[in-house]
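Working notes, beginning with the structure itself.
Just so it is clear, none of the values below were taken in a lab; they were calculated from the coordinates. Bear in mind the structure is a predicted one, so any value in this text is a computation, not a measurement. Positions of Cβ are generated from backbone atoms using ideal geometry, with glycine treated the same way; all protein chains shown enter the neighbour counts.
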Amino acid sequence: MIDDFTIFSRSGLILWRKSFVKLRGNPLGLLVQTVLLEDRVALAELVCDGYTVRWVLENEAGLVFSVIYQTALPPAYAADLLVSVKAAFIDKYSSVLGDSNVDDFSDFSVVFESLLNAAEDRSLSRAAALRSANVCPTISSDAMSTVATSSSWSSSSLPSADTEVPETSSYRGNSKYHSLKDEAAEQCDDNDVSHDLSEDTIRQNREAFIRRKQGSGGRPKKSSSKAAGSSRSLMGGLSSTSDRLEVPKRNALGSIPEENEKLDFSDDKSQEAVTDNIARYVSDAEVARCREQHLDAKPNTAYDIISADDDQAADSNSSNVRGKVFDFFKGLAGMKMLTRTDLERPLSLFRDVLIGKNVAQDIADRLIESVASSLEGKRMESLTTVSATVRQALDDALTRILTPRQSVDIVAEIAAKRGTGRPYVIAFCGVNGVGKSTSLAKVCYYLLNNNCKVMIAACDTFRAGAVEQLRTHVRCLGENAELFDRGYGKDAASVAMDAIRKAREHRFDVVLVDTAGRMQDNEPLMRALSKLVEVNQPDRLFFVGEALVGNDAVDQLSKFNAALADHQKSAKPRLIDGIVLTKFDTIDDKVGAAVSMVYTTGQPIVFVGVGQTYMDLRKVNTKSLVKALLK
Ligand code: GDP
């Protein structure tokens with residue numbers, strides 16, 4: 001049984017619709033937002049809010065045919081119905097489709113009724129034939145593979161529905177979290193916040209994470225990681241039959257590998273075990289060295305890929321791009337109709353270009369497939385080549401992907417928060433050595449120059465020298481920056497909480513929270529990060545990543561997000577919501593990591609590091625970035 005069938009133009013106009021029930025939420029809107037606008041048309045299905053949405057495109061006329069049904073009750077004839085309705089609709093109205101005076105297609109209802117009956121009959125006969133041939137008659141959405149393109153979004157790698165579901169009471173989560181949080185706010189010193197999550201809770205979080213991402217315009221993923229138990233859940237949790245969502249595995253009993261236990265500061269015992277040997281002062285020589293490197297050295301002026309303050313450009317670009325998002329698909333009339341064969345060679349060349357620019361292979365494949373699906377069956381404009389057509393389509397797709405959906409103006413966000421009694425909090429996370437502390441210092445410098453009073457919370461309580469490194473930066477950055485630290489071995493979540501409390505009392509505008517570098521597979525440290533985030537609810541959680549990374553960018557980000565979702569109790573766990581891309585000055589024009597990271601998370605690149613001085617921080621100029629990618 002289907003719930004809805006809609007025929008609409010790629011510019012968003014509904015031509016004809018049949019709804020059998022009132023739908024919960026807006027699955028069709030999600031289809032437009034997360035599939036059509038984000039170039040994921042190569043996928044075959046979207047699963048959201050208990051519904052599955054499937055679609056076929058008619059590229060020449062610029063139409064989308066979509067069917068919606070309950071995921072739990074997949075009709076075996078959905079794919080068949082899509083194909084037959086598409087053929088019948090085009091056949092019936094081909095002569096009037098371009099005519100803006102014709103907008104009444106209500107007489108299609110009769111045709112649809114008979115097509116639906118016919119598709120149901122065919123499906124029943126197929127099932128009967130299979131039964132009589134003694135083949136397992138379970139026809140589910142698999143039967144749709146007749147139409148399915150390369151992939152589908154689903155959560156089929158999740159534990160099955162009949163896996164035992166824990167009782168709600170086992171969550172204890174929110175109330176416990178709130179009370180402990182309050183308690184910790186009252187008793188500041190070294191107050192650890194218990195954060196154990198049961199395996200069941202983690203599983204539920206994981207399921208919720210996937211469901212939510214499927215519903216929120218998330219990102220597709222492909223599991224290319226070789227690591228056992230690796231997570232490929234890209235932010236957005238969209239998966240495909242060929243690349244399903246894989247969530248990180250614990251060891252057999254869900255316990256922490258022994259060698260990592262000592263790294264886990266979220267337990268009381270580890271707090272006791274580590275000595276507080278913090279250096280309270282850094283030497284003048286150290287500060288002088290820092291000043292020379294980060295403040296007095298010549299900043300990088302060579303970059304046109306990113307501009308100093310391009311938010312406005314990005315924003316106007318955003319509405320522009322989204323406003324005319326389908327313009328490209330309109331008006332390709334009169335000339336040759338593009339076939340898959342025509343597209344193959346140019347697409348393959350552009351795929352190589354993207355990979356040569358360091359776009360992760362999975363992402364390049366998906367982009368190319370998406371562009372192919374959008375172009376196949378279209379008529380080329382006159383006076384153009386297939387290659388130019390593909391290039392333009394790819395340019396548009398990359399621009400849409402890289403254009404932030406919302407403004408990323410941190411200074412404005414900070415200003416909006418003034419007077420609320422709580423400072424604006426940004427937490428920085430990422431793997432070791434990528435430039436987290438340096439980026440944090442650069443952001444601090446940027447904010448100081450925007451008249452903010454900044455507190456830096458030293459929550460890397462693990463790496464020797466981390467606190468002193470920040471102390472040195474603070475000495476260089478001047479009197480409007482202050483360091484809050486509690487030495488080493490302390491629970492990072494509690495240190496951050498104390499810092500925020502102190503910042504609130506002393507009217508700081510911003511708290512920048514430094515966290516320990518961690519590999520994406522290090523579960524204890526991921527749990528500690530989740531705790532810090534959940535307990536302190538930063539306004540932004542920035543992932544700091546190197547522009548040098550290729551395929552690993554996707555792995556890092558998807559695993560960070562999966563772990564964050566796994567280890568938070570909240571029904572709405574906080575995930576990465578901004579990216580700082582470092583060492584852009586070292587990659588020449590291999591700027592592909594930017595695409596991989598944004599595509600993976602759906603989150604914007606907020607800052608780009610282009611050198612070692614505090615001044616070497618930029619915002620992204622989408623146009624220049626796309627130009628560099630396709631050069
Ligand atoms: P963390 O371990 O992630 O905190 O990394 P650090 O902040 O200590 O940085 C590691 C190294 O990367 C240091 O030598 C930094 O000077 C360098 N670094 C950070 N950002 C950039 C950047 O944008 N460009 C270049 N060339 N080097 C950077």
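What does the extension gain come out to for Ser348 and Ala416, with contour length at 0.36 nm per residue minus their alpha carbon separation?
19.8 nm
Using the charge dipole of the range 559-619 (Lys, Arg: +1 at Cβ; Asp, Glu: -1 at Cβ; taken about the Cα centre), state which of Met597, Met615, Ser570 has its Cα farthest towards the positive end.
It is Ser570, whose Cα lies furthest towards the positive end.
Take the Cα pairs of the range 361-491, get the Kirkwood Rh, then feed it into Stokes-Einstein at 37 °C and 0.692 mPa s and tell me D in µm²/s.
Here the translational diffusion coefficient equals 173 µm²/s.
Kindly provide log₁₀ I(q)/I(0) values, in the same order as q = 0.24, 0.26, 0.34 Å⁻¹, from the Debye equation applied to equal alpha-carbon scatterers of the range 335-379.
Evaluating at q = 0.24, 0.26, 0.34 Å⁻¹ gives log10 I(q)/I(0) of -0.78, -0.86, -1.17.
Taking the Cα centre of the range 471-528 as origin, sum charge times position over the Cβ atoms of Lys and Arg (+1) and Asp and Glu (-1), and report the length of that vector in debye to the nearest 20.
Working: 10 positive and 10 negative charges, 27 e Å.
Once rounded to the nearest 20, the dipole reads 120 debye.
Bins of 10 Å, beginning at zero and ending with the bin holding the largest distance: percent of Cα pairs per bin for the range 393-453, please.
Using 10 Å bins, I get a P(r) of 17, 34, 32, 15, 2 for the range 393-453.
Taking the Cα centre of each part, how many Å lie between the range 576-631 and the range 395-434?
Using only Cα atoms to place each centre, the spacing works out to 14 Å.
Less than 9 Å Cβ to Cβ from Phe20, Lys/Arg counted +1 and Asp/Glu -1: what total charge do the surrounding residues give?
With Lys, Arg at +1 and Asp, Glu at -1, the net is -1.
Taking a threshold of 31 Å on the Cα-Cα distance, which of the pairs Lys442/Lys502; Lys436/Lys572; Lys298/Lys559; Lys502/Lys572 fall above it?
Where the Cα-Cα span goes over 31 Å, the pairs concerned are Lys298/Lys559.
Between Ser95 and Thr385, what length comes free when the chain is fully extended (0.36 nm per residue of separation minus the Cα-Cα distance, one decimal in nm)?
Result: 101.7 nm gained on full extension.
Where the only charges are on Cβ atoms (+1 Lys, Arg; -1 Asp, Glu), what is the dipole of the range 6-83 about its Cα centre, to the nearest 20 debye?
Charge dipole of the range 6-83: 320 debye, to the nearest 20.
What are the ³J(HN,Hα) couplings of the range 450-466, residue after residue, when phi is run through the Karplus curve with 6.51, -1.76, 1.60 and θ = phi - 60°? Round to Hz, x for glycine and proline.
Karplus-based 3J(HN,Hα) across the range 450-466 equals 10, 6, 9, 9, 10, 10, 9, 9, 7, 9, 7, 9, 10, 6, 4, x, 5 Hz.
On full extension of the chain, what length is gained from Ile14 through Ser570, given 0.36 nm per residue of separation minus the C-alpha to C-alpha distance?
196.4 nm is the gain from fully extending Ile14 to Ser570.
Between Arg405 and Arg131, take the C-beta separation as r, use R0 = 56 Å, and let me know the FRET efficiency to the nearest 0.05.
According to the calculation, E is roughly 0.70.
Which order, highest average first, do 503-509, 17-23, 587-593 follow once you tally other Cβ atoms within 10 Å for each residue and take the mean per peptide?
My ranking of the peptides, most packed first, is 587-593, 503-509, 17-23.
If you count, for each residue, the other Cβ atoms within 10 Å and average over each peptide, how do 456-469, 396-409 line up from highest to lowest?
456-469, 396-409
Please list 282-290, 569-577 highest first by mean number of surrounding beta-carbon atoms within 10 Å per residue.
The most tightly packed comes first, giving 569-577, 282-290.
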